Every structure is written in structure tokens, then in C-alpha cells.
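Novice: Before anything else, here's the structure in question.
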Amino acid sequence: MASALALLVNLVFIFSAVSSLNALSLNYYAKTCPNIDSVVTNAVKNAMMRDKTVPAALLRMHFHDCFIRGCDASVLLNSKGGNKAEKDGPPNVSLHAFYVIDNAKKAVEALCPGVVSCADILALAARDAVTLSGGPTWDVPKGRKDGRTSKASETIQLPGPTFNISQLQQSFSQRGLSLDDLVALSGGHTLGFSHCSSFQNRIHNFNKTHDIDPTLHPSFAASVKGICPKNNKVKNSGATMDPSSTTFDNTYFKLILQGKALFSSDQTLLTTSGTKDLVSNFASSQKTFYEAFVKSMIKMSSITGGQEVRKDCRVVN
């Protein structure tokens, strides 16, 4: 009995030690790489000067990373041999701006070799993407490790643009995220561009009685239908997520209330009283949205799961 108790105590100690080793901290690199934040910010700034789509790309990249195996930079790994990596999975083929993380990693390695994970760099870059687009800023907890596994087949786990509220809730809850987090993080759709394929279901053959989703505002439906005709042959055609698609603001929530959001997964936020109230609150107060978004981003980006600090973000050590 005593030996069993001792074993239990030892196991508890071991798990506690592992947990504390994996714990994130605002001061994680205070001694080993104190300038990490500014180095990453400079890399994002430089990229934004040449390409205004970079912020949306980095925010989406971080989200897609965290939702598969935790925030472990597995989305950055290249396919190798017979293994098709996450970045080559169907939902991720339109991800871009990986070079921004490469540039940041190179600059960080020059200062602090072998210290800072790619996962932390991506989390910082996503924060900078929001802040440099006019959105809120926050201190990013650090100490993530990089994963060694990346499988394209696992990208089917990502919440899709055609999801209804039940599917979204299940996807988020499986990752410890609440309905409040779901609505707040959906606000990231204020940045960026969508290809026609992500909202075709709402403007062509919606159901047996309607060709167009009746929750879409008629003039908005007509405009996007013009951009995305039924037998669309134009490669990479699509629409911006909102008119101020390079500015991080609360316009997205106003558009949902007007029936002018692109995705089914956007419009479905009005189908429960709780989520509808949040949409209304965020639409009426940008400050309220910013506060909720920061809280939910920190929560999401704290889902960890890696094992190493990669020397090159595209390949395992």
C-alpha cells in the first residue's frame, strides 16, 4: 500500500513537472531572447509594406495551426516523402505568407540560436497582424514547442465556411473554447479575402425552394453572384470579407446583422439567442469586441502540443 502511494505521489510529481515545463509565460524569453517581440514585429511590418494581405494570412495561419494539434507550428512543415503535410490539405492550400515566419525565424536565430520556437513566432506574428491593422494589442504568453507531426488528412477537423452553429460549437468545444470564444474569434473575418468556393453554397442552388440564401441582403447577393457566376472559370476570383478588409475593426459584426456576411458560418451566429446577443454587442461596441477578442486569442493560442524547438520552421530537427 505504501509503495503504491509512493508511486502515485511520484506520478503526480512527474505530471506536475511536465505540466510546469509546458506552461506558457509572459517572461519565458526574458533572459534567453529578450528582444523577441520587436524582432518578429519588424518582420511583419516589412512584409506588410510590400503586401497588404499579409495580416489576414498570418492570423488565419495561426488559427489553422492551433485547431489541429494545438499551436505547435505543424502548419508550417513541408510535405516530405509519402507524407502530405497540413499546408497541403484542402482547407490550407490557399494559406500564404509563410515566408514572413521564415524571415522572422532567421532574424531570431541570428540573435538567439536554438531558443525560440516557430510556434511562438507564429503566435507573435498573428498578434502583430491584428495590432498593425489597427486592432488591439496584447502580451503573448510564450514557451510553446514545435510539433514533429503534420498530416493533410487532419485538416478536415478545421471548422468550415458552411458549418452551422451546432457544428461550430462542437468544433470549438472540443478544443476547450466556448460560444463566447467562437463569436469573438469569428471577428477575425474582418480581415482578408475569400474565394468564391467558400460561399458558392449561398448564391447558387441554395435549397429546393431558393437559388439564393434568403438571409442574404438582396443587393449584396446580386453583387457577389456577379463576381462568382455559377460556372465560374476565373481563377482566384472572390470577394473581400468586408469593405475595410485591411483594417481590424468590428465591421464584420455589423455586416452579419445586415445580411452582408459571406459565409454560412457567419450568418449562423444569429441562429441562437446567446450568439446573436454577442454579435449585436460587438457590432455596437468595438471596445467590447476588442476586449473579447484578446481574451479568446490568448485562450486559443495557449492550446499547446509540441516537443522541440525547430531550427528551420519547415522541417523537423
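Novice: Give Gly143, Gly114, Gly134 a once-over and let me know the one that is touching a strand residue (DSSP E or B) at 6+ places or on another chain (Cβ under 8 Å) and at positive phi.
Specialist: Sole residue among the options that is touching a strand residue (DSSP E or B) at 6+ places or on another chain (Cβ under 8 Å) and at positive phi: Gly143.
Novice: Turning to a different aspect of this structure: Could you say whether any residue in region 225-240 is in contact with a strand residue (DSSP E or B) (Cβ under 9 Å, 6 or more places away or on another chain), at pLDDT below 95, farther than 17 Å from Arg60 by Cα and in a helix (DSSP H, G or I)?
Specialist: Yes, there is a match, as at least one residue in region 225-240 is in contact with a strand residue (DSSP E or B) (Cβ under 9 Å, 6 or more places away or on another chain), at pLDDT below 95, farther than 17 Å from Arg60 by Cα and in a helix (DSSP H, G or I).
Residues are listed down the side, and each one gets a yes or a no for (1) at pLDDT 95 or above; (2) of a type in the set (A, V, I, L, M); (3) surrounded by fewer than 23 Cβ atoms within 10 Å (Cβ to Cβ):
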{"site": "Asn22", "(1), (2), (3)": "no, no, yes"}
{"site": "Thr41", "(1), (2), (3)": "yes, no, yes"}
{"site": "Pro55", "(1), (2), (3)": "yes, no, no"}
{"site": "Met61", "(1), (2), (3)": "yes, yes, no"}
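Novice: Go through (1) within 24 Å of Cys313 (Cβ to Cβ); (2) within 15 Å of the chain's Cα centre (by Cα) for Ala152 and report which single condition fails.
Specialist: (2)
Novice: Additional query: Quick one: is Ala73 touching a Cys at 6+ places or on another chain (Cβ under 7 Å) and either of a type in the set (A, V, I, L, M) or open to solvent by less than 10 Å² (accessible area, probe 1.4 Å) (or both)?
Specialist: Yes.
Novice: Across region 41-58, what is the total count of residues that are part of a loop (DSSP other than H, G, I, E, B) and either touching a Pro at 6+ places or on another chain (Cβ under 6 Å) or charged (D, E, K, R) (or both)?
Specialist: 2
Novice: Here's a check for you: in region 24-39, which residue that is part of a helix (DSSP H, G or I) and of a type in the set (A, V, I, L, M, F, W, C) is surrounded by the fewest Cβ atoms within 10 Å (Cβ to Cβ)?
Specialist: Val39
Novice: Are any residues in region 145-182 open to solvent by 50 Å² or more (accessible area, probe 1.4 Å), in a helix (DSSP H, G or I) and among the charged types (D, E, K, R), and if so, which ones?
Specialist: Asp180
Novice: Same structure again: Checking the structure you have, find out if any residue of region 36-45 is touching a Gly at 6+ places or on another chain (Cβ under 9 Å) and in contact (Cβ under 8 Å) with a residue 60 or more places away in the chain.
Specialist: No, region 36-45 contains no residue that is touching a Gly at 6+ places or on another chain (Cβ under 9 Å) and in contact (Cβ under 8 Å) with a residue 60 or more places away in the chain.
Novice: Further, regarding this structure: I want to confirm something. Restricting to region 92-114 and keeping residues that are among the β-branched types (Val, Ile, Thr) and within 26 Å of Gln157 (Cβ to Cβ), which single residue is most open to solvent (accessible area, probe 1.4 Å)?
Specialist: The selected residue is Val93.
Novice: Let me ask something else. Looking at Leu122, Leu95, Leu58, which is the one that is under 13 Å from the mean Cα position of the chain (by Cα) and without any contact (Cβ under 8 Å) to a residue 40 or more places away in the chain?
Specialist: Leu95
Novice: Here's another thing I want to ask about it. Of the residues in region 241-266, how many are assigned to a helix (DSSP H, G or I) and free of Cβ contacts under 8 Å to residues at least 60 places away in the same chain?
Specialist: Residues meeting the conditions: 5.
Novice: From the list Gly226, Gly238, exactly one residue is surrounded by 17 or more Cβ atoms within 10 Å (Cβ to Cβ) and either more than 18 Å from the chain's Cα centre (by Cα) or charged (D, E, K, R) (or both). Which is it?
Specialist: Only one candidate passes the filter, namely Gly238.
Novice: For the subset of region 183-222 comprising residues that are of a type in the set (Gly, Ala, Ser) and open to solvent by 60 Å² or more (accessible area, probe 1.4 Å), which member is nearest to the chain's Cα centre (by Cα)?
Specialist: It comes out as Ser197.
Novice: Would you mind stating whether Asp277 is more than 30 Å from Arg144 (Cβ to Cβ), among the acidic types (Asp, Glu) and modelled with pLDDT of 95 or more?
Specialist: Judged against the criteria, Asp277 is a match.
Novice: To continue, here is another question. Within region 259-311, take every residue that is of a type in the set (Asp, Glu) and open to solvent by 70 Å² or more (accessible area, probe 1.4 Å) and give me the one that is nearest to the chain's Cα centre (by Cα).
Specialist: Ranking the qualifying residues of region 259-311, first place goes to Glu291.
The values are calculated or read from the model by the stated rules, or taken from the named source; none is laboratory data. These numbers come from a predicted model, not from an experiment. Positions of Cβ are generated from backbone atoms using ideal geometry, with glycine treated the same way; all protein chains shown enter the neighbour counts. We work out accessible area using only protein heavy atoms, side chains counted, and drop any ligands, DNA or RNA first. Shrake-Rupley method; radii C 1.70, N 1.55, O 1.52, S 1.80 Å.
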